[in-house]
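A quick write-up on the structure given underneath.
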Amino acid sequence: MRNFLDELNEAQREAVTTIDGPLLILAGAGSGKTKTITTRLAYLIDLGIDPASILTLTFTNKAAKEMQQRALQMIEHTPYPPLLCTFHKFGLLFLKFHISRLGRDNNFVIIDTDDKKRILKAFKSDLPASLIASEISKYKNSLITPQEAIAAARLPNFKTIANIYKEYEEYLLENNLVDFDDLLVLPYKILENDPLLCEQISQKYQYIMVDEFQDTNELQYRLLQKLCSTHNNLCVVGDDDQSIYGWRGANIKNILEFPKKLPNAKVIKLEKNYRSSQKILEAANNLIAHNRSRLGKKLEATLERGKEVKVLQCSDEQEEARLIAKRVKELIKEGVKASEIAVLFRINALSRSIEEALNRAGIHFKLVGAIRFYERAEIKDIISYLRIIANSQDEFSLKRVINKPKRGIGKATYEKLHTAAKERHISILALLQTISYKELSKLVGAKNAKTLQDFIQKLQYLQDKAQNSLDTFIDAFEETIALRKHYASLPDGYERVANIDEFYGMFREFVKENPKSSLDDFINELSLESEQDQIGNEAVSIMSVHASKGLEFEHLFVIGLEEGFFPLTGDGCDIEEERRLGYVAITRAKKELTLSYVKSRFYRGRRAYLEKSRFLGEAGLIPTSIKIEKRASFKKGDLVKHKLFGIGRVLGVSKAGREFKLTINFGGNKKEILASFVERV
């Protein structure tokens with residue numbers, strides 16, 4: 001085979017050349033995971049396997065694009081590239097071809113989280129829209145229908161949410177909208193209800209690879225089972241020690257139990273680390289060794305021993321921020337690029353003191369995870385316009401912008417149009433395109449009729465522009481709609497106009513790189529954007545540990561290493577996931593790592609006096625007289641399942657030799673069971 005195999009270490013080479021059957025590549029942090037996946041992809045094609053029969057699924061567009069570029073660079077020629085995309089992009093492509101099997105048109109519109117909350121707010125509930133959105137997402141990812149949710153609801157709040165879920169689903173169906181969860185739920189339902197199609201799709205994709213497998217949820221795993229229903233050529237790549245998304249549904253059991261669930265599954269461990277110095281890896285290995293729920297591996301450094309990991313002790317958050325800003329300034333003076341420096345925290349609220357200190361020091365920084373670019377009002381307005389230009393059935397987007405910039409079309413006028421369109425069984429835009437001026441004047445008044453006719457002419461002009469040439473479309477769009485002029489008149493107009501200019505520049509770049517794409521293609525790419533896809537290279541990064549996953553920095557500072565802050569403690573906290581977060585944070589560092597803790601911190605309106613984090617001792621960075629024992633993976637209140645006694649709730653946890661003993665209430669029948677004999681529900 002080609003010489004690209006010569007660049008791999010022994011474990012990587014074995015992973016690349018293992019083709020048939022289920023394979024788990026357990027890839028430690030910095031172990032060349034992406035290189036292994038892309039080389040395996042190139043190897044498959046080099047063997048003569050049809051690229052159309054290979055499917056690789058990732059979690060971010062950025063990762064998918066990078067992998068495809070690197071894989072195609074390794075091979076001399078291929079008739080067409082294999083499909084390499086995110087789970088949600090695969091769901092989108094699938095639905096474009098097969099949503100008709102659910103009796104729906106394929107000109108559906110994808111709504112994002114902000115759109116979803118606006119829809120839910122319209123149902124007039126006292127409950128926060130974010131809570132309702134979260135619960136609906138849980139229902140969908142558990143494949144629970146609105147009817148099942150209503151039947152199962154016992155508490156008043158959950159009855160309310162279940163009923164809103166029903167109204168929400170009806171609204172989506174009526175307006176041909178799909179939310180992010182639907183991009184996975186609907187394909188699964190189609191494949192579940194159509195065994196013949198399921199077989200055809202599975203036969204089409206004979207070789208399936210999944211990146212970041214530890215982040216998959218139950219629905220994604222079940223979708224993978226459908227895709228592999230006619231074969232077992234499933235290669236999953238991940239790291240159980242970096243499973244940090246349990247709070248949003250990721251199921252660590254998917255990776256932990258992969259070798260058990262798939263007969264003859266092969267496990268290959270990538271343990272050689274090419275990112276961090278030995279000292280940094282020692283701290284990471286020491287820390288994660290305290291977790292019980294893991295497959296087990298140990299990172300080995302290929303680089304020098306490096307500097308000792310520094311533990312910074314400060315009196316309060318002000319001193320912590322000042323000392324870090326001082327060190328950042330020194331690094332930049334020494335020639336270190338700002339993009340190679342980052343400050344991480346477990347809790348977002350801790351960023352304020354760091355932001356202020358960097359501002360005072362004149363250091364340019366970016367806060368990753370603040371208000372996202374695509375969620376800003378001015379950007380949402382542009383996207384809504386683009387949606388209705390691409391799809392005149394999209395009344396959800398029309399409602400947002402029919403009076404932006406202000407043109408005197410209020411809520412009452414919109415409701416009149418909506419009612420008239422509904423009576424004729426057409427969309428509002430179709431109504432405005434076909435109704436006479438006389439009829440329209442009678443409906444909404446002469447002034448509004450003239451305004452609306454002018455509005456519809458502008459949209460028709462832009463629709464023609466979009467179909468004929470995207471090269472000059474965005475200039476014509478601004479000239480016609482004048483959103484820059486509208487936002488420039490607002491108090492914070494400068495910032496908003498800068499955001500609009502950024503968006504327009506991005507649109508031009510997309511057209512330049514994708515000359516054959518349509519406006520619809522651009523909109524779909526926007527809908528699938530992720531937070532990390534927007535990280536640039538121009539400043540020191542400040543972000544949560546969660547946001548840092550997949551990134552690396554030469555010089556790293558992790559603040560807030562105090563009990564209650566990192567790790568989070570209390571009801572509902574999973575200490576093993578907290579420890580995995582600590583492991584992720586440490587392994588982002590390449591050359592220099594500083595872990596910081598304070599004696600007191602001002603938080604939520606009061607000053608708290610704190611204990612240093614247990615993680616510092618577990619990582620072997622500070623002397624400790626406390627013997628740190630491995631902890632149970634279960635806690636009081638957990639729902640568990642026993643193969644004989646069924647489902648019960650944990651009432652207490654106690655030590656039993658090297659094991660943990662659980663006191664469990666099985667429907668009024670209390671039992672004491674060893675932890676290894678039950679599983680979390």
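For this structure, a couple of remarks:
- Only helices enter this figure: runs of n ≥ 4 DSSP H residues, each worth -39500 (n - 2.57), summed and divided by the residues of the chain, yield -14000 deg cm²/dmol at 222 nm to the nearest 500.
- 24 Å tail of the calculated P(r), the stretch 334-430, as % of Cα pairs: 50 percent
- Column: log10 I(q)/I(0), Debye, Cα scatterers of the stretch 236-301, q = 0.20 Å⁻¹: -0.92
- Between the C-alpha center of the stretch 308-361 and that of the stretch 406-445 there is a gap of 56 Å.
- Ligands, DNA and RNA left out, the 1.4 Å accessible surface of the stretch 1-133 is 49% carbon and sulfur atoms.
- Nearest-ten-degree value, helix 411-424 long axis tilted from longest Cα axis of the chain: 80 degrees
- Percent of Cα pairs exceeding the 26 Å cut-off, where the set is the stretch 1-139: 43 percent
- Over the chain, the reciprocal of the mean inverse Cα-Cα separation, the Kirkwood hydrodynamic radius, stands at 28.0 Å.
- On Cα atoms only, tilt of 278-288 relative to the major axis of the chain in degrees: 80 degrees
- The value for the stretch 265-340 of Rg(Cα) / (2.2 N^0.38 Å) is 1.49.
- About its Cα centre, the chain has a charge dipole of approximately 1880 debye under the convention of +1 per Lys or Arg Cβ and -1 per Asp or Glu Cβ, with nothing else charged.
- Percent RCO, i.e. relative contact order, over the chain, from Cα pairs under 8 Å lying at least 6 residues apart: 16 percent
- With both residues required to sit in the chain, DSSP beta bridges show an antiparallel share near 35%.
- Estimated at the nearest 10 Å², the accessible area of Val653 is 60 Å² with a 1.4 Å probe.
- Only the Cβ atoms of Lys and Arg (+1) and of Asp and Glu (-1) were treated as charged; on that basis the dipole of the stretch 117-168 about its Cα centre amounts to roughly 140 debye.
- Rounded to the nearest 10 degrees, the angle from helix 61-74 to the longest Cα principal axis of the chain is 70 degrees.
- Solvent accessible area, Å² - Ser293, 1.4 Å probe, full protein context: 40 Å²
- Residues of type aspartates and glutamates that Lys297 reaches as a straight line, Cα spacing below 15 Å, ignoring anything fewer than 8 places off in the same chain: Asp239, Asp240, Asp241, Glu271, Glu282
- With 21 Å as the limit on Cα-Cα distance, the pairs of Lys116/Lys399; Lys399/Lys447; Lys366/Lys549; Lys204/Lys512 that go past it are Lys204/Lys512.
- Here's the picture: charge each Lys and Arg Cβ at +1 and each Asp and Glu Cβ at -1 in the stretch 449-590, and of Leu459, Ala585, Ala488 the one pushed furthest to the positive end of that dipole is Leu459.
- Over the stretch 183-261: Rg over Rh, Cα atoms, Kirkwood Rh: 0.98
- Over the stretch 61-137: Rg over Rh, Cα atoms, Kirkwood Rh: 1.17
- Counting Cα-Cα pairs of the stretch 553-612 in 5 Å increments starting at 0 gives whole-percent bin shares of 4, 17, 23, 21, 19, 12, 4, 0.
- With protein chains left intact and a 1.4 Å probe, residues in the chain average 47 Å² of accessible area per residue.
- Percent accessible area from carbon and sulfur atoms, the stretch 213-314, protein chains only, probe 1.4 Å: 45 percent
- Surface share of carbon and sulfur [accessible, 1.4 angstrom probe, percent] for the stretch 465-512: 48 percent
- Enclosing the Cα atoms of the stretch 160-311 in their convex hull gives a volume equal to 185 cubic angstrom per residue.
- Between the stretch 3-41 and the stretch 233-270, the Cα center-to-center distance that results, in Å: 16 Å
- Ser654 contributes an accessible area of around 50 Å² to the protein surface, as traced by a 1.4 Å probe with all chains present.
- Every Cα-Cα pair of the stretch 90-204 was included, and the share exceeding 23 Å stands at 32 percent.
- Kirkwood hydrodynamic radius of the stretch 381-519, from the reciprocal of the average inverse Cα-Cα distance over all distinct pairs: 16.0 Å.
The values are calculated or read from the model by the stated rules, or taken from the named source; none is laboratory data. Keep in mind the model is a prediction, meaning the values are calculated, not measured. Cβ coordinates were reconstructed from backbone atoms using ideal geometry, including for glycine residues, and neighbour counts include every protein chain displayed. Surface accessibility is based on the protein's heavy atoms, side chains included, excluding ligands, DNA and RNA. Shrake-Rupley method; radii C 1.70, N 1.55, O 1.52, S 1.80 Å.
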